[in-house]
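Engineer: Sharing a structure with you now.
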Number of protein chains: 2
Amino acid sequence: MNVFIVHAHPEPQSFCAAMKNAAVETLSAAGHGVVVTDLYAMRFNPVASAADFLDRADPDYLVYALEQRHAYETGTLAADIAAEVEKLKAADLLLLSFPLFWFSAPAILKGWIDRVLLSGLTYGGKRFYDRGGLSGKKASIGITLGARPHMFGPDAIHGELETMLRPILRGTLWYTGMQVLPPFYAYHVPYITAEARAAVLAEWRNWLLSLQRASPLSFPRLDDFDERLYPKPRADQG
Amino acid sequence: MNVFIVHAHPEPQSFCAAMKNAAVETLSAAGHGVVVTDLYAMRFNPVASAADFLDRADPDYLVYALEQRHAYETGTLAADIAAEVEKLKAADLLLLSFPLFWFSAPAILKGWIDRVLLSGLTYGGKRFYDRGGLSGKKASIGITLGARPHMFGPDAIHGELETMLRPILRGTLWYTGMQVLPPFYAYHVPYITAEARAAVLAEWRNWLLSLQRASPLSFPRLDDFDERLYPKPRADQG
């Protein structure tokens, strides 16, 4: 497998960075190709704007998705985006590595999503979910968070963690057609002992090595919806 | 009311910007104070980093939330953050205005959340949800999106829109203690006629004028959880 890790933590000594480093080591040792985008280290610009396009389909009015399509087709994407797109196209597995900020991705990673997951390449028209442009690839996330496991669940204070992550897991990774493998959660990271951290890193390494055999999460498929995207009658309804 | 609008759209001629302008006009005419942060216009930096702190509690290892607390207490926040914090403190109602990018906020707005909603001021320890640091304030969102209403709902292709927005509505606005008023959704915006847009703008103006009377969304409260944040037994269970 070619694994593409996109990492977003402002502290290079963080546990999240240690997980990223362990992933590079473990996956490489297992014979996989590994490419890393370290967004903070490269000072990635996360702001989707007109400056992302060297030639404009419509110079007077910016529709970001339409300009993405035009720039991708004509080879006029800003260089930093084009470089990330090439890494993404070469990947069999995309792994996002980040600390949970406000139950979602830090802005620098959200901006990588906004700018790199191009309309025209990763989705467009009826090309989304199982028909998305990145179908055939797999994706997952490895995240660090301060909360404890019991704070998530149907009756828990924050509800289901996977529901909080829906915009990323379903609305982004699955939207582009990637099979989403079950996430890895490193809980309570700022507060745990060195021994507990070592145990989490060991779990993480095992998780990484089991990824190829993991069953993807289940999400809606376009075949269950009609041309206008209304749900089709289910078989058990006649 | 003092209304603080945080707006994030890269195209000043967009319908989303027209909604923001209509909000300024309508709310001002109704006698409210209105302050706008236009993130693209001010080229807001959305990247949470060590550069946000003029003096470090720990110069060797960045724990972003701890440095936020230290910088807020000692008056050593970066100037762009400090200015936004003052606007936030003066607000009775925070209104986020943005186009839905990947079922969530554009990175430039996510970074405003990451950097401005300070630990120590807006949350910290057991100060979150109904005990959050911004309790007493209200908040809502007015968003534009390409999808149509029937694409959201329990059996719809994308599921519930409010569930996709949970990290923002519950995980951010309610997390800091603000009462979250029902959102305004402008659907299918890139594809509708000028007449339909005018109708949406009229609805939006009515929505703005009814905000003070709107009932907030219902979310978990800390009184329903024990000291360790496990759910308390419910009354009907004895």
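Engineer: Being within 12 Å of chain B (Cβ to nearest Cβ) and open to solvent by less than 40 Å² (accessible area, probe 1.4 Å) is the filter here; which residues of region A:204-220 pass it?
Structural biologist: A:P220
Engineer: Now a separate question. If B:D223 passes every condition in (1) open to solvent by 50 Å² or more (accessible area, probe 1.4 Å); (2) within 14 Å of chain A (Cβ to nearest Cβ); (3) assigned to a loop (DSSP other than H, G, I, E, B) but one, which one does it miss?
Structural biologist: (3)
Engineer: Give B:A139, B:A91 a once-over and let me know the one that is out of contact with any Leu (no Cβ under 8 Å at 6 or more places or on another chain), surrounded by 22 or more Cβ atoms within 10 Å (Cβ to Cβ) and more than 8 Å from chain A (Cβ to nearest Cβ).
Structural biologist: B:A91
Engineer: B:A23: outside any strand (DSSP E or B), open to solvent by less than 10 Å² (accessible area, probe 1.4 Å) and more than 30 Å from A:G124 (Cα to Cα), yes or no?
Structural biologist: Taking the combined requirement at face value, the residue satisfies it.
Engineer: While we're on this one: So is A:R115 basic (K, R), within 11 Å of chain B (Cβ to nearest Cβ), farther than 19 Å from A:R221 by Cβ and within 15 Å of the chain's Cα centre (by Cα) or not?
Structural biologist: So A:R115 fits the description; yes.
Engineer: Looking only at residues that are in contact with a Leu (Cβ under 9 Å, 6 or more places away or on another chain) and of a type in the set (G, A, S) in region A:191-229, which one is nearest to A:M19 (Cα to Cα)?
Structural biologist: Filtering region A:191-229 for residues that are in contact with a Leu (Cβ under 9 Å, 6 or more places away or on another chain) and of a type in the set (G, A, S), the one nearest to A:M19 (Cα to Cα) comes out as A:A214.
Engineer: Which count do you get for residues in region B:170-181 that are open to solvent by 20 Å² or more (accessible area, probe 1.4 Å) and in contact with an Asp or Glu (Cβ under 8 Å, 6 or more places away or on another chain)? Outline the logic, then answer.
Structural biologist: The initial filter retains those residues of region B:170-181 that are open to solvent by 20 Å² or more (accessible area, probe 1.4 Å), namely B:170, B:175, B:179.
Now restrict to residues that are in contact with an Asp or Glu (Cβ under 8 Å, 6 or more places away or on another chain): none.
Summing the residues that are open to solvent by 20 Å² or more (accessible area, probe 1.4 Å) and in contact with an Asp or Glu (Cβ under 8 Å, 6 or more places away or on another chain) in region B:170-181 gives 0.
Engineer: Across region B:37-47, what is the total count of residues that are assigned to a loop (DSSP other than H, G, I, E, B) and either touching a Gly at 6+ places or on another chain (Cβ under 7 Å) or of a type outside the set (A, V, I, L, M) (or both)?
Structural biologist: Of region B:37-47, the ones assigned to a loop (DSSP other than H, G, I, E, B) are B:39-47.
Then drop every residue that is not either touching a Gly at 6+ places or on another chain (Cβ under 7 Å) or of a type outside the set (A, V, I, L, M) (or both), which leaves B:40, B:43-47.
Here the count works out to 6.
Engineer: Shifting gears a bit: Under the condition of being aliphatic (A, V, I, L, M) and under 26 Å from B:D114 (Cα atoms), which residue from region A:1-20 is most open to solvent (accessible area, probe 1.4 Å)? Break it down stepwise before answering.
Structural biologist: Taking region A:1-20 as the starting set, the residues that turn out to be aliphatic (A, V, I, L, M) are A:1, A:3, A:5-6, A:8, A:17-19.
With under 26 Å from B:D114 (Cα atoms) added as a condition, the list becomes A:5-6, A:8, A:17-19.
Working: A:I5: 2, A:V6: 0, A:A8: 0, A:A17: 3, A:A18: 36, A:M19: 3 Å².
Filtering first and then ranking leaves A:A18.
Engineer: Further, regarding this structure: Could you pull out the residue among B:T176, B:T163, B:T172 that is within 27 Å of B:P220 (Cα to Cα), in a loop (DSSP other than H, G, I, E, B) and modelled with pLDDT of 95 or more?
Structural biologist: B:T176
Engineer: Take B:D60 and tell me if it is acidic (D, E), within 16 Å of B:L117 (Cβ to Cβ) and within 13 Å of chain A (Cβ to nearest Cβ).
Structural biologist: No: the conditions fail for B:D60.
Engineer: Out of the residues in region A:147-186 meeting the condition of being among the β-branched types (V, I, T) and touching a residue at least 12 places away in the same chain (Cβ under 8 Å), tell me which one is farthest from the other protein chains (Cβ to nearest Cβ).
Structural biologist: Checking each candidate, the answer is A:V180.
Engineer: Does B:G133 satisfy the criteria of being part of a loop (DSSP other than H, G, I, E, B) and more than 10 Å from every other protein chain (Cβ to nearest Cβ)?
Structural biologist: Here the answer is yes, as B:G133 does meet what is asked.
For (1) open to solvent by less than 40 Å² (accessible area, probe 1.4 Å); (2) of a type in the set (D, E); (3) under 16 Å from B:L121 (Cα atoms), each residue gets a yes or a no:
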| residue | (1), (2), (3) |
| --- | --- |
| B:S49 | yes, no, no |
| B:F53 | yes, no, yes |
| B:D58 | no, yes, no |
| B:L66 | no, no, yes |
| B:A78 | yes, no, yes |
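Engineer: Still on this structure: Check whether at least one residue in region A:182-201 is surrounded by 20 or more Cβ atoms within 10 Å (Cβ to Cβ) and within 23 Å of B:H158 (Cβ to Cβ), and report yes or no.
Structural biologist: No, every residue in region A:182-201 fails to be surrounded by 20 or more Cβ atoms within 10 Å (Cβ to Cβ) and within 23 Å of B:H158 (Cβ to Cβ).
Engineer: I'd like the residue in region A:94-136 that is touching an Asp or Glu at 6+ places or on another chain (Cβ under 6 Å) and among the aliphatic types (A, V, I, L, M) and, out of all such residues, is surrounded by the most Cβ atoms within 10 Å (Cβ to Cβ).
Structural biologist: Per the stated criteria, the residue is A:A107.
Engineer: Go through region A:1-20 and give me each residue that's assigned to a helix (DSSP H, G or I) and free of Cβ contacts under 8 Å to residues at least 12 places away in the same chain.
Structural biologist: Scanning region A:1-20 gives a single hit, A:A17.
Engineer: Now for a different question. Which of the numbered conditions does A:G132 fail, given that it passes all the others? Conditions: (1) out of contact with any Pro (no Cβ under 9 Å at 6 or more places or on another chain); (2) within 29 Å of A:L201 (Cα to Cα).
Structural biologist: So the condition that A:G132 fails would be (2).
Engineer: What are the pairs, 6+ residues apart or on separate chains, where a residue within region B:194-222 that is closer than 15 Å to B:K138 by Cα has its Cβ under 7 Å from a residue that is open to solvent by less than 50 Å² (accessible area, probe 1.4 Å) and in a helix (DSSP H, G or I)?
Structural biologist: B:L208/B:A23; B:L208/B:T26; B:L208/B:L27; B:L209/B:T26; B:L217/B:L169; B:F219/B:Y129; B:F219/B:R170; B:F219/B:W174
Engineer: Follow-up. For residues that are farther than 11 Å from A:L118 by Cα and either within 10 Å of chain B (Cβ to nearest Cβ) or part of a helix (DSSP H, G or I) (or both), tally how many sit in region A:74-85. Walk me through it before giving the result.
Structural biologist: In the first step, residues of region A:74-85 are kept if they are farther than 11 Å from A:L118 by Cα; the result is A:74-76, A:78-80, A:83.
Narrowing the set further to residues that are either within 10 Å of chain B (Cβ to nearest Cβ) or part of a helix (DSSP H, G or I) (or both) leaves A:74, A:79-80, A:83.
Qualifying residue count, region A:74-85: 4.
The values are calculated or read from the model by the stated rules, or taken from the named source; none is laboratory data. Since we're looking at a predicted model, the values are computed, not measured. All Cβ positions, glycine included, derive from the backbone under ideal geometry; neighbour counts span all protein chains shown. Keep in mind that these areas ignore ligands, DNA and RNA; they rest on the heavy atoms of the full protein, side chains included. Shrake-Rupley method; radii C 1.70, N 1.55, O 1.52, S 1.80 Å.
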